[in-house]
Each structure stands twice: as structure tokens, then as C-alpha cells.
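Heads up, the thing below is written out as C-alpha cells.
Every number here is computed from the coordinates shown, using simple stated rules; none is lab data. Here the structure is a predicted model, which means the values were calculated and not measured. Here Cβ is always computed from backbone atoms with ideal geometry, including for glycine, and neighbour counts include all displayed protein chains.
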Amino acid sequence: MDQFTLKGNNNTYLIYRFIFEPVKSNMYVIIKKNEALVIDPCENEGLILLLKEKYIKKVSIILTHEHYDHTSGVNWLRTYYNAKLYCQAECAKAIAIKHKNNPALIALVWADMDKRDGGNRYKTFKENFKPYTIQADVTFEECVEWNISGITIKGLSTPGHCPGSCFYWIDDNLVFTGDTILQDAPIILKFPESEDSIYMSKTLPYIKSLNRNIMLIPGHGDPFLLKDANYLG
């Protein structure tokens, strides 16, 4: 776990981060009083220790999109807390279907790592993985404003990487972006569910219209200013 402090227009936020191996996807946690907001949960016992240490009574979850490395911890976290799940409608549709919660990318990465170092990650993962579904509690289509754990969050659909991809704005200058934009890698638009034409016609023009000094908090890698993006089409 690491942590960093980011300044919004109206508030300062202490954000905790846990990294999901082996694809380095980020799970974020914001704590306010005895409530916690978890973005893109993965299974990590450090998260439970943090929540207990902070005497958290209520947990809410938001998903930036429906891919396995950003959703795999939802059901696990719900075994500890009666957490309400918020996400975009297409994301909700996908995670409610077993075969859509596909860990194929993770399995391929582990298999490749095993070839290089003689490990046993792929076999262990394959033996222990159980297909699952996830039920969302609150969804939105194009845009929404929620107050979650005392934090005002504005959600905006940003399809392309996958249909349920979205941005979550806090204080109008901080935004959780999932995999819709990364600093040091181009957005992946080659998954079967990716929507290249929609990304190019809708999402990319939107991103290019934004103030270059907004802070992006991505699904992989460190937070960065939009002006420092190395792969902005």
C-alpha cells in the first residue's frame, strides 16, 4: 500500500492505493470519518487491515469499468462489509454475466511469467478460480452526480476501452479514469468488447477538450496531469 495527497478545488484528499499483481492495476481508497469509498477493488488483506484500523463502519464501491482486474475484489469485499456498488449501466450488465468476468488476460500474464521463471502461478490460479457474477446496486447511463460517503462524485460515460468505461470527477479537477487514458501506454482498443469508433468519435474529443491541468488518477500507473499524457491520440 502507498498513499498520496491530492488537492481538489474545494478539498484535499488523502488517497490510499493498493496494486493488483501482475498487471499493476490500481485499487484506490478514500476515507472520510468512519466511511470508506473503494474504487476498483481487488483482493488484498491490507485493505481489510486499513479499514479496521480506521474503524470503518460503511463501505461503498465504484467501478471505472468491467474488466476482471478492476472488479475481482467486489464479492470478496462484500464478505466483510455490506458494500453498495455503483457503476455505469453497461458495466453492470457485463459483471452480472459469468463469462463476462473473464480472467483470461491475467491468466496469460501469469502463464508467461511462469515460462520465464519456472513458477506455478497459472496452474494455481486455474485450479482456484471460480466463475462469478456481481450485482450492482446503483447505475447510470450517460452522466450522474452522487454523494457517496460525504464526497460529491460526478460520473461520465467514456466508452471505448469497453462499453462500461467511465470517468469519476471529484471537485472538478480530480478524475479517476480507469483504463480510458494512461500516461505511459496507449489505450487498449483491441478487446472483443472494445469500441474503437466510439472512442475516436466521442471519448477522445471529450478528453482533448479538457483543461490540461486536471489531475488524472488512472487504473494503472501514478496520477498525472493531462498535459503530461504521453499517449493522447
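A few remarks follow.
- Rg ratio (alpha-carbon, reference 2.2 N^0.38 Å) - the stretch 14-122: 1.14
- 30 Å Cα-Cα threshold exceeded, pairs from Lys7/Lys208; Lys154/Lys202; Lys54/Lys190; Lys98/Lys190; Lys24/Lys227; Lys7/Lys54: Lys54/Lys190
- Distance between the stretch 149-198 and the stretch 20-98 - C-alpha centres, whole angstrom: 17
- Sequence-separation-based contact order of the stretch 39-108, relative, with Cα cut under 8 Å and 6+ spacing, percent: 36
- Most mobile of Gly150, Gly118, Gly160 in a GNM of the chain (Cα contacts under 10 Å): Gly118
- In percent, rounded to a whole number, the relative contact order of the stretch 166-218 is 47, using alpha-carbon pairs under 8 Å and six or more apart.
- Residue-span extension gain [Leu225 to Asp184] - 0.36 nm each, minus C-alpha spacing: 13.5 nm
- In the chain, Cα pairs under 8 Å separated by at least six residues give a relative contact order of 16 percent.
- Residue of Tyr16, Tyr68, Tyr206 that the Gaussian network model of the chain assigns the largest fluctuation, springs spanning Cα pairs under 10 Å: Tyr206
- Most fluctuating residue given options Leu49, Leu77, Leu156, as computed from a GNM of the chain linking Cα atoms under 10 Å: Leu49
- In the chain, the DSSP beta bridges split such that about 70 percent are antiparallel, to the nearest 5.
- Under the convention that each Lys and Arg Cβ holds +1 and each Asp and Glu Cβ holds -1, the size of the dipole of the chain around its Cα centre is about 420 debye.
- Working ranking of peptides 101-109, 207-215 by packing, defined as the average number of other Cβ atoms within 10 Å per residue, highest first, is 101-109, 207-215.
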